[in-house]
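Engineer: Supplied in C-alpha cells, the structure appears directly below.
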C-alpha cells in the first residue's frame, strides 16, 4: 500500500507532518478540560487506551480476542479493592491493577494461543466468561453492587486527585505513557516479528521465530495495557462493577477498533471517542444502545472494513501507517 | 431413602435430568453451529439470538394470533430459517471471500441487533410460556418423577440431532453438502448451485436454533437474554468437541450438559464454570478438540 518510490525528502516531510499532528493533539488534550466536561474526556481517554491495547493484539499480531473485558474490568476490581480496602495510593493501585491484568493475560493467553483464528476468539470469550462468573461470586467484588466509593486519594501521597484538573492531567499522563508504550512496541524489532506473524504465521515459524512465545508476549502486553486503562477508569469513576467484565464490554472494544481502523495507531482512539460519544448521546434519547452498536458492527464489516482512519489513509497515498 | 455418594437419589437424578435437558440444548445448538461452520466457514455468533428469536416467535404467535405450541413448533423454525436465509443472501454472502473473523464480527453485530430489538419491546424480564396440555403433568418412573415436557424435550432433541446427522450423512442433498464443503469449485463445476446450497445451509442452521428456542420456551422463560449467555457456553462446547464432526458436536453437547448437572450435585458453586474448565483441560491435552481434525 505504501508508495515504494517515495523520495527521502517526501518521507521526511510526511514524518514531520505526523510529529506536528501528534504535538497538536497533545496541545489539544492539554487545553481540552477548559472547554469540555473533564469526566467525559477522561472516559474517552481510558477507552481509547483500552482500544489501542486491544489493537496491539488484533491489528499488529492478527489475534482477535473476544475476552479483553476480563483485563479491563479485572484491573478495575484489583485497583479499586487495593485502594479502598488496603488503602494504597492511587498510582500503586493502578500498578497493581495493571500487574493483575498481566498475570490474568498470561493465564488466559497460555490456553488461548493453543488454537488459531476463530477458535482463539471463542476460547478467549469462554475464559473471559469464566472470569465474569468468578467476579460474580468472589467476595471482594461485592457481586452485583460492585466496589463503590473508591477514594481518589493523593497521587504519590501529595497531589489531591479530588480536584478535577489534577485527576485530568494524571489520566492524560497515563494515557500518553500507555500510547507511547504501544507505539514503541509496535515499531520495535519485536513489533516487526508480531507483524510477520500476522501476515504469515507459518513463514515466521520457518524463519526460526518461536511464534507461540511471541504471541503470548503480545497477549500479556495487550492485557497489561488494557488493565492500565481499566484501573485508571476505576480511579476516575471511583467504582468497579460487573459491567466492565461482561462480554458486551469485550464486544465494545472490538467495535471501537473496527470503527476507527484496525492496525492503525490513531484509529482505535477515534473509534473510542465516537463510540463513547454515541453512547452518551443515546443514553438520554431512549434509543437502545445495543441496536446502534450492533448495526454499526454490521455496517463496518459490510462496507468499510478498514475503519474510518484506515479509509482516510487509503485515500491519501504518501502517508505511511 | 436411597443415597448415591451421600446424595439422596432423587436429588441426584433430578440434577442429572436438568443436565440432560441443558445438554439437549447444547447439542442442538452446537450441531447448528457445526453445520453452518462446515459449509460457510463462519461461526454464527447470532445463533443464540436466533434461538431466542425462535422462542419469541412461539410466544408472539400465541399472544397475537392465538396459535398454540404444536403449530408453533413448525412455524417458529420456519420463520427463523427464512429470516436467516434473507440475511445470508443479502449480507452474509458478501463475506465469504474474507477472513472468517469478519463473519464472526458481522454475526456478533447481528446478535446485538436482534437482542436489542426484543429488549427494547419486552425488557429483560422473562415471559412465561405454558407447555402444551398434552405434555402437562408428569410420569412416575418408580425411581424418580419425570415431568412429561422435559421427557419430550430430551426425546425430540435426540430425534432432531439424529435426523440432522442422517440427513447430512445419508441423503443425496447431504452428500452435495459434504462435497461442497470439501471443494466448492469442483461441485459448482458439476452443475450444483453452490450459492443456493450455502443459503439453504444457513437457513437450516438458523432453523435448528429456532427449533431449539421454541422447545426451550416452556422450560426456561422467554426472555431477550436467554440466548446470549447460552451461546458462550455453546462456543466452549464447540471448542471441546471440535467442529470437524457433526456427531462429535452432538455427543459433546450431551456429555457436557450431564457434566454440568453432576457438578450441580457435588459442587454447586462451580456449576456455571465447569464447562469452561473442561474446555481448558481439553485444550491442554488435545488442542484440536476431542473430535476435531488438526487445522
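Engineer: Return yes when residue A:212 is in contact (Cβ under 8 Å) with a residue 40 or more places away in the chain and over 21 Å from residue A:52 (Cβ atoms) and no when it is not.
Structural biologist: In short, yes.
Engineer: Conditions: (1) under 23 Å from residue B:184 (Cα atoms); (2) touching a residue at least 12 places away in the same chain (Cβ under 8 Å). Residue B:126 meets all but one. Number of the miss?
Structural biologist: Checking residue B:126 against (1) under 23 Å from residue B:184 (Cα atoms); (2) touching a residue at least 12 places away in the same chain (Cβ under 8 Å), the one that fails is (1).
Engineer: While we're here: Could you tell me which of the residues B:138, B:58 is touching a strand residue (DSSP E or B) at 6+ places or on another chain (Cβ under 6 Å) and over 22 Å from residue A:291 (Cα atoms)?
Structural biologist: Details: B:58 fails: touching a strand residue (DSSP E or B) at 6+ places or on another chain (Cβ under 6 Å).
Exactly one residue qualifies, and that residue is B:138.
Engineer: Report, by residue number, each residue of the range B:213-264 that is in contact (Cβ under 8 Å) with a residue 60 or more places away in the chain, within 12 Å of another protein chain (Cβ to nearest Cβ) and assigned to a loop (DSSP other than H, G, I, E, B).
Structural biologist: Once the filter is applied, which keeps residues that are in contact (Cβ under 8 Å) with a residue 60 or more places away in the chain, within 12 Å of another protein chain (Cβ to nearest Cβ) and assigned to a loop (DSSP other than H, G, I, E, B), the range B:213-264 yields B:224, B:225, B:243.
Engineer: Checking residue B:144 against (1) closer than 23 Å to residue B:247 by Cβ; (2) surrounded by 14 or more Cβ atoms within 10 Å (Cβ to Cβ), which single condition isn't satisfied?
Structural biologist: (1)
Engineer: Inspect the range B:65-86 for any residue being part of a helix (DSSP H, G or I), within 9 Å of chain A (Cβ to nearest Cβ) and more than 19 Å from the chain's Cα centre (by Cα) and give the result as yes or no. Before the answer, list the steps.
Structural biologist: Of all residues in the range B:65-86, those part of a helix (DSSP H, G or I) come to B:65, B:69-86.
Now narrow it down to the ones that are within 9 Å of chain A (Cβ to nearest Cβ): none.
Looking through the range B:65-86, none of the residues is part of a helix (DSSP H, G or I), within 9 Å of chain A (Cβ to nearest Cβ) and more than 19 Å from the chain's Cα centre (by Cα).
Here is a yes/no grid of residues against (1) within 28 Å of residue A:18 (Cα to Cα); (2) within 14 Å of chain B (Cβ to nearest Cβ):
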residue: A:205; (1), (2): no, no
residue: A:226; (1), (2): yes, no
residue: A:230; (1), (2): no, no
residue: A:253; (1), (2): yes, yes
residue: A:264; (1), (2): yes, no
residue: A:269; (1), (2): yes, no
residue: A:315; (1), (2): yes, no
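Engineer: Check B:32, B:103 and return the single one that is within 14 Å of chain A (Cβ to nearest Cβ), touching a residue at least 60 places away in the same chain (Cβ under 8 Å), in a helix (DSSP H, G or I) and buried (at least 16 other Cβ atoms within 10 Å of the Cβ).
Structural biologist: On the way: B:32 fails: within 14 Å of chain A (Cβ to nearest Cβ).
One residue alone meets the criteria, B:103.
Engineer: Answer with yes or no whether residue A:166 is out of contact with any helix residue (DSSP H, G or I) (no Cβ under 6 Å at 6 or more places or on another chain) and modelled with pLDDT under 90. Outline the logic, then answer.
Structural biologist: Numbers: out of contact with any helix residue (DSSP H, G or I) (no Cβ under 6 Å at 6 or more places or on another chain): yes; modelled with pLDDT under 90: yes.
Against the criterion (out of contact with any helix residue (DSSP H, G or I) (no Cβ under 6 Å at 6 or more places or on another chain) and modelled with pLDDT under 90), residue A:166 qualifies.
Engineer: Give the residues of the range A:281-301 that are under 21 Å from residue A:54 (Cβ atoms), more than 7 Å from every other protein chain (Cβ to nearest Cβ) and surrounded by 15 or more Cβ atoms within 10 Å (Cβ to Cβ), sorted by residue number.
Structural biologist: Residues satisfying the conditions are A:289, A:292, A:296, A:300.
Engineer: Can you tell me which condition residue B:133 does not meet? The list is (1) surrounded by 12 or more Cβ atoms within 10 Å (Cβ to Cβ); (2) away from chain A (no Cβ under 14 Å); (3) closer than 18 Å to residue B:72 by Cβ, and all the others hold.
Structural biologist: (1)
Engineer: Scan B:46, B:27 and give me the residue that is within 14 Å of another protein chain (Cβ to nearest Cβ), at pLDDT 90 or above and within 28 Å of residue B:182 (Cβ to Cβ).
Structural biologist: Numbers: B:27 fails: within 14 Å of another protein chain (Cβ to nearest Cβ).
From the options B:46, B:27, the qualifying one is B:46.
Engineer: Which residue, of A:174, A:136, A:179, is over 30 Å from residue B:243 (Cα atoms), within 14 Å of another protein chain (Cβ to nearest Cβ) and touching a helix residue (DSSP H, G or I) at 6+ places or on another chain (Cβ under 9 Å)?
Structural biologist: Values: A:174 fails: within 14 Å of another protein chain (Cβ to nearest Cβ); A:179 fails: within 14 Å of another protein chain (Cβ to nearest Cβ).
Answer to the check: A:136.
Engineer: Same structure, new question: Would you mind stating whether residue A:78 is within 23 Å of residue B:229 (Cα to Cα), within 21 Å of the chain's Cα centre (by Cα) and either more than 10 Å from chain B (Cβ to nearest Cβ) or at pLDDT 90 or above (or both)?
Structural biologist: Details: within 23 Å of residue B:229 (Cα to Cα): no; within 21 Å of the chain's Cα centre (by Cα): yes; either more than 10 Å from chain B (Cβ to nearest Cβ) or at pLDDT 90 or above (or both): yes.
Considered against the rule, which asks whether it is within 23 Å of residue B:229 (Cα to Cα), within 21 Å of the chain's Cα centre (by Cα) and either more than 10 Å from chain B (Cβ to nearest Cβ) or at pLDDT 90 or above (or both), residue A:78 comes out as no.
Engineer: Looking only at residues that are under 17 Å from residue B:45 (Cα atoms) and without any contact (Cβ under 8 Å) to a residue 40 or more places away in the chain in the range B:114-123, which one is nearest to the other protein chains (Cβ to nearest Cβ)?
Structural biologist: Taking the candidates together, the pick is B:116.
The values are calculated or read from the model by the stated rules, or taken from the named source; none is laboratory data. Here the structure is a predicted model, which is why all the values come from computation and not from measurement. Cβ atoms come from the backbone with ideal geometry, glycine included; neighbour counts cover every protein chain shown.
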